[in-house]
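Shown next, in structure tokens, is the structure this report addresses.
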Ligand SMILES: *Cc1c(COP(=O)(O)O)cnc(C)c1O
């Protein structure tokens with residue numbers, strides 16, 4: 001399998017060549033040259049596999065430059081009961097007839113990003129060792145992504161993480177998750193500013209190309225193809241848990257922000273997994289809902305980006321979305337380059353033609369959105385009716401899922417985080433503290449390891465320089 005850019009550059013690359021990369025050189029995103037089709041016999045064979053074995057089978061279709069035995073060892077080391085709490089790794093539970101919740105958030109940071117990031121940590125360590133290289137991951141976080149990256153990279157050889165976060169602005173739980181890590185390769189830097197200040201520092205450091213090259217600075221953002229690929233596996237695993245034969249179809253409802261999660265569902269569907277609908281659920285930041293209803297993509301300004309009770313979906317543009325548009329437009333790289341390059345820069349967005357917009361339905365996509373009040377009501381009713389406590393992101397997915405139920409087609413809502421991460425909204429909805437996994441009781445009292453710094457890129461550079469000397 002080879003990979004090409006969504007913006008027309010046809011030079012083909014192997015998986016390991018793009019593993020540590022972000023954007024393609026022409027500014028596009030990487031996609032496989034084609035989606036391998038899974039026939040009925042293969043699907044039937046996969047039905048009985050454990051999660052790691054299934055992951056190995058799917059990843060093998062996309063990775064041909066890691067020896068099979070090595071890849072097998074990497075996935076077996078990643079998807080364990082010890083890390084995810086159950087043999088099923090992504091267990092599906094029935095909420096009511098035809099409506100299910102698939103738990104993707106039983107990993108170390110209680111959010112679905114662990115599903116991909118844990119594999120990425122092992123892949124990075126493996127590939128860096130093969131190349132005799134090191135990598136310094138620099139990132140900014142307001143919570144979720146940073147902790148998932150740190151838990152994936154902790155203790156990994158050849159990798160250091162420098163994670164900037166706005167001082168005093170994360171929840172005590174999220175701060176404790178990150179700052180209690182004692183691994184010497186994890187560096188928490190609390191910046192005396194807001195999240196945007198942290199992001200500006202990351203940009204400033206990354207724009208210093210000499211510094212970036214000399215210090216092997218990289219990122220782990222959501223456009224990384226390996227992350228998306230890892231997520232494809234749980235769509236298959238969810239399908240097998242809810243159906244008995246391959247003649248059945250299911251739908252998935254996906255709380256969406258940067259379109260990484262549901263894009264993996266799109267890939268699974270393109271491979272032939274019998275998915276009826278992919279339900280894109282957004283919060284008040286509805287750039288994706290608007291697109292799927294109208295064919296109009298309009299990037300929001302930061303002033304128009306709402307701070308909501310489902311903060312991991314508070315986005316102004318959806319960074320993985322270009323991948324779907326590439327497929328929707330028949331893989332016309334020149335057209336995608338124009339839409340996401342010139343048109344976006346000139347008009348802040350684009351409008352597809354009516355004929356193009358009509359094609360969306362053929363890819364199974366539908367959408368909807370929730371408000372804060374909707375999420376509170378959904379958390380309340382799910383608790384009252386089912387004694388099932390869900391977080392604000394999953395509540396968004398469940399609310400929108402109900403609007404798209406079809407007779408005879410089971411709907412699986414992806415649970416993207418546990419309620420323990422969003423205590424304030426759970427208190428507001430239920431008048432009680434969220435349930436918390438036993439292993440994380442008292443985490444706020446653990447010793448913290450972090451450094452505080454003013455909003456000053458030069459100070460951050462000096463710190464990196466000092467700590468990446470071998
Ligand atoms: C990141 C995240 C999302 C959004 O996922 P995308 O892949 O960006 O669409 C939804 N819910 C939670 C809890 C997240 O952490």
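Rule-based calculations on the coordinates, nothing more; no lab input. These numbers come from a predicted model, not from an experiment. A quick note on method: Cβ atoms are made from the backbone with ideal geometry, for glycine too, and the neighbour counts reach across all protein chains shown.
For the chain, the mean residue ellipticity at 222 nm estimated from helices alone is -12000 deg cm²/dmol, where every DSSP H run of n ≥ 4 contributes -39500 (n - 2.57) and the total is divided by all residues, rounded to the nearest 500.
The alpha carbon centroids of region 30-109 and region 248-272 are separated by 14 Å. Extending 7 Å from the Cα toward the beta-carbon at both residue 424 and residue 332 defines two label points whose distance is 4.6 nm. Region 182-217 and region 288-365 have Cα centres separated by 29 Å. Beta bridges from DSSP with both residues in the chain: antiparallel share about 25 percent, rounded to the nearest 5.
Which of rounded, prolate, oblate describes region 215-305, given a ≥ b ≥ c as roots of the alpha-carbon gyration tensor eigenvalues and a/c under 1.5 marking rounded, otherwise prolate only if a/b is larger than b/c? Walk me through the numbers before you get to the answer.
Details: a/c = 2.79, a/b = 1.35, b/c = 2.06.
Judged from the Cα gyration tensor, region 215-305 comes out oblate (a/c at least 1.5, b/c at or above a/b).
With both labels modelled 7 Å from their Cα along Cα-to-Cβ, the residue 443 to residue 314 distance reads 2.0 nm.
Spin-label pair residue 211-residue 44: with each label point 7 Å from Cα along the Cα-Cβ axis, the two points sit 6.0 nm from one another.
For the chain, the square roots a ≥ b ≥ c of the C-alpha gyration tensor eigenvalues yield an a/c under 1.5, which makes the shape rounded.
Give the calculated FRET efficiency between residue 10 and residue 377 to the nearest 0.05, with a Förster radius of 56 Å applied to their Cβ-Cβ distance.
Efficiency at R0 = 56 Å is approximately 0.65.
Along the Cα-to-C-beta direction of residue 34, a point sits 7 Å from the Cα; which residues of region 245-280 have their amide N less than 19 Å from that point? Counting backbone N atoms under 19 Å from the label point, the list is 267-273. A Förster radius of 30 Å combined with the Cβ-Cβ distance from residue 68 to residue 134 puts the calculated FRET efficiency at roughly 0.65. What the Cβ-Cβ distance of residue 409 and residue 467 gives, at R0 = 41 Å and to the nearest 0.05, is a FRET efficiency of 0.20.
Pairs of alpha-carbon atoms within less than 8 angstrom and 6+ residues apart define the contacts here; what relative contact order does region 349-446 have, in percent? Please list the in-between numbers first.
Values: 85 pairs, mean separation 23.3, N = 98.
Taking the mean separation of contacting Cα pairs over the length of region 349-446, I get 24 percent.
On a full-extension model of 0.36 nm per residue, what is the gain between residue 302 and residue 157, subtracting their alpha-carbon distance, rounded to one decimal in nm?
On the way: separation 145, 0.36 × 145 = 52.20 nm, distance 3.75 nm.
Using 0.36 nm per residue and subtracting the Cα-Cα distance, I get 48.5 nm.
Note on residue 53 and residue 169: the extension gain reaches 37.7 nm, defined as 0.36 nm multiplied by sequence separation minus the Cα-Cα distance.
If the chain linking residue 435 and residue 452 were pulled fully straight, counting 0.36 nm for each residue of separation and taking away their Cα-Cα distance, it would gain 3.0 nm.
Can you tell me the relative contact order of the chain? Whole percent, Cα pairs under 8 Å, sequence separation 6 or more. Relative contact order of the chain: 19 percent.
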